[in-house]
1. For the range 46-136, run through the trypsin sites (Lys or Arg not before Pro) and keep only the ones in DSSP coil with at most 13 other Cβ atoms within 10 Å of their Cβ.
2. For the range 62-147, what is the percent of antiparallel DSSP beta bridges, rounded to the nearest 5?
3. Past 30 Å, Cα to Cα, is the threshold; run LYS51/LYS104; LYS22/LYS122; LYS88/LYS132; LYS51/LYS122; LYS22/LYS104; LYS76/LYS119 against it and keep the listed order.
4. Computed from these coordinates, which is Cα extents along the principal axes in Å: (1) 56, 36, 23; (2) 60, 34, 24; (3) 77, 36, 23?
5. Show that you can apply the helix-only estimate: for the chain, add -39,500 (n - 2.57) for every DSSP H stretch of four or more residues, divide by all residues, and state [θ] at 222 nm to the nearest 500.
6. Loop by DSSP (not H, G, I, E, B), at most 13 other beta-carbon atoms within 10 Å: where is the longest site-free stretch of the chain for GluC sites (Glu not before Pro)?
7. Quick check: pseudo-label points 7 Å beyond the Cα along Cα→Cβ at ALA105 and THR86, how many nm apart are they?
8. If you take the square roots of the eigenvalues of the alpha-carbon gyration tensor of the range 2-57 and sort them as a ≥ b ≥ c, do you get rounded (a/c under 1.5), prolate (a/b over b/c) or oblate?
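Every number in this text was worked out from the coordinates using simple rules, so none of it is lab data. The structure presented is a predicted model; accordingly, all values stated were derived computationally and were not measured. Because the Cβ atoms are built from the backbone with ideal geometry, glycine has one as well, and the counts that use them run over all protein chains shown.
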Amino acid sequence: MKLILTAPVDHLGVAGDVVEVKDGHGRNYLLPRGFAIQWSRGAEKQIEGIKRARDAREIRSTEHAVQVREQLEALKVSLPAQAGETGKLFGAVTAADIALAVKKAGGPALDKRSVEIGKPIKTVGTHTVGIKLTASVVAHINVDVAAV
């Protein structure tokens with residue numbers, strides 16, 4: 001099955017790549033999760049748009065990654081969450097929640113897969129979270145979880 005990737009997939013490629021995969025993998029994993037679209041001559045024209053969008057949010061070099069890390073570490077990220085009287089959250093803070101909170105705090109748009117949470121955040125307070133920008137550059141930010 002021939003597909004066009006719309007998101008980076010480990011061991012397969014990045015957004016905009018045309019890949020050949022087994023039918024079951026494409027039909028049961030890539031297509032339902034939105035990681036790829038079916039290849040056709042018309043869809044081939046969308047590749048340039050996908051690549052432009054990828055380049056706009058991609059870290060271009062190590063120097064750029066260091067600049068983004070400094071920008072992220074300077075942010076004050078607060079995240080409101082519902083909690084009980086003892087400070088324990090109803091649920092947990094997810095990587096998607098953190099990525100959205102960074103965006104609201106004035107930071108760059110992050111992919112939730114780049115957010116690395118060491119242990120689940122289930123209490124109110126300040127927690128340190130890693131954001132993997134490149135293989136060698138990781139930003140560590142403090143997320144202040146406040147009860148609502």
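1. Details: sites: LYS51, ARG52, ARG54, ARG57, ARG60, ARG69, LYS76, LYS88, LYS103, LYS104, LYS112, ARG113, LYS122, LYS132; in loops: ARG60, LYS76.
Sites meeting the loop and neighbour criteria: ARG60, LYS76.
2. Details: 13 of 18 bridges.
If we restrict to bridges inside the range 62-147, about 70 percent are antiparallel.
3. Working: LYS51/LYS104 25 Å; LYS22/LYS122 40 Å; LYS88/LYS132 27 Å; LYS51/LYS122 37 Å; LYS22/LYS104 40 Å; LYS76/LYS119 21 Å.
Correct reply: LYS22/LYS122; LYS51/LYS122; LYS22/LYS104.
4. Given (1) 56, 36, 23; (2) 60, 34, 24; (3) 77, 36, 23, the calculated one carries the label (1).
5. Details: 4 runs with 37 residues, N = 148.
My calculation for the chain gives -7000 deg cm²/dmol from helical runs alone.
6. Numbers: sites that count: GLU58, GLU85.
Counting at most 13 other Cβ atoms within 10 Å as exposed, the longest clean stretch of the chain is 86-148.
7. Output for this residue pair reads 2.8 nm.
8. Working: a/c = 2.08, a/b = 1.38, b/c = 1.51.
Since a/c reaches 1.5 but b/c is at least a/b, the shape of the range 2-57 is classed as oblate.
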